[in-house]
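One structure below.
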Amino acid sequence: MERILEERLRERVCLGDADGVHDLLNVGVDVNARDGSGWTALHWACKEGYLDIVALLLKNGADKNLRSDMGDTPASVCSNQQILYLLSDDFMYDSSLRAVTFPAPDFLRAPANSSKVRNNIYDKSRLVTSFQDELVLKIRVANTADPDFIEVELPRSELTYQALLCLCCKELDLNLHQIQKLRKLPDTRLRRDKDIQRLQNFQEIEVVVDTTNVYKSMQNANGVANSLPTLPANGYQSISKKDQTILY
C-alpha cells in the first residue's frame, strides 16, 4: 500500500495536481520516495516545471540534493529559472512559506553596465507574490496574426471562471459576448471555477472568439452597421439590373 501511495504522489506531481500532492503528503507519504530510476517527486516536478509543486515539496522536506541512478539531481533536469533559484542556496524560506528572504546574489552586486546583469536580474518580489497572492497566467487570442502571449495576474482570492473572463476582456480589449470559450493549451476547455483553481503558474490560455460577433461589434462601434453590405448565406454578391439579378 505504501508503494502505491508513493507512485500516486509522483503521478499527481506529473499531472500538476497541487491539491492531490498536498493531500498525499498530509497522510504521510514519503516525499523522498524514489521510482525505478531513482527519481523522486521533486525530480519530476522540476522536470515538468511546476513552480508551486516544487515549493510545496520543498516545504514538506524534499531533498534537493538526492541523485537518481544516473546521477541526476532535481536541478540538473530543470530548465525553469525560477525553480532553479528556489533550489539554490541563495533562496531561503521559513516552514510556512509566509516569510521569504532573497539574499542578494553576486550578479546583483556586479557593475550596472554588465550585460550579464541585464540578462539575469528579474523581479524577485513578483515571484514571492505569485506564491502567495496571485496566479500568473499567459493569455492570447487564438488564431490571430500575433502569436505572442501576455502575462497577467489573477488574485488567488478570485480564482473563478468569471474573474478570468473579465481579466481576459480587460487585457485583450474584448467584450464578453465576443468570447466563445477559454482553452488551456494544448487542448483542454475551461468551463467552471474548479478548472480555474487547478491552473498552475504560467499556464498558457487561449481565448477563442466568435468572429461573427467581433464583426458585428466592429460595425456597431463604428456606427456603420446599416451602411455596410451584407453577404448572402451562399457567399455571393448581387447586382440588380431591371428585371434580372446578376450573381458574382
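Quick note: the coordinates plus some simple rules give every number you see, no bench work behind them. For clarity, every value in this text was computed on a predicted model and none was experimentally measured. Here Cβ is always computed from backbone atoms with ideal geometry, including for glycine, and neighbour counts include all displayed protein chains.
Assorted remarks:
- Greater than 25 Å apart at Cα, pairs in LYS59/LYS184; LYS47/LYS170; LYS59/LYS181; LYS138/LYS170; LYS47/LYS181: LYS59/LYS184; LYS47/LYS170; LYS59/LYS181; LYS47/LYS181
- Estimated FRET transfer efficiency when R0 is 22 angstrom, pair GLN197-ASP133 (beta carbons, to 0.05): 0.90
- Given +1 at the Cβ of Lys and Arg, -1 at the Cβ of Asp and Glu and no other charges, the dipole of the stretch 5-66 around its Cα centre is 200 debye to the nearest 20.
- Additional length obtainable on full extension of the chain from THR144 to LYS59, 0.36 nm per residue less Cα span: 26.5 nm
- In the calculated pair-distance distribution of the stretch 134-209, the portion above 21 angstrom amounts to 14 percent of the Cα-Cα pairs.
- All-pairs Cα distance distribution in the stretch 1-87, expressed in whole percent, bin size 10 Å: 20, 58, 22, 1
- Restricting attention to the stretch 134-209, close to 75% of DSSP beta bridges with both partner residues there are antiparallel.
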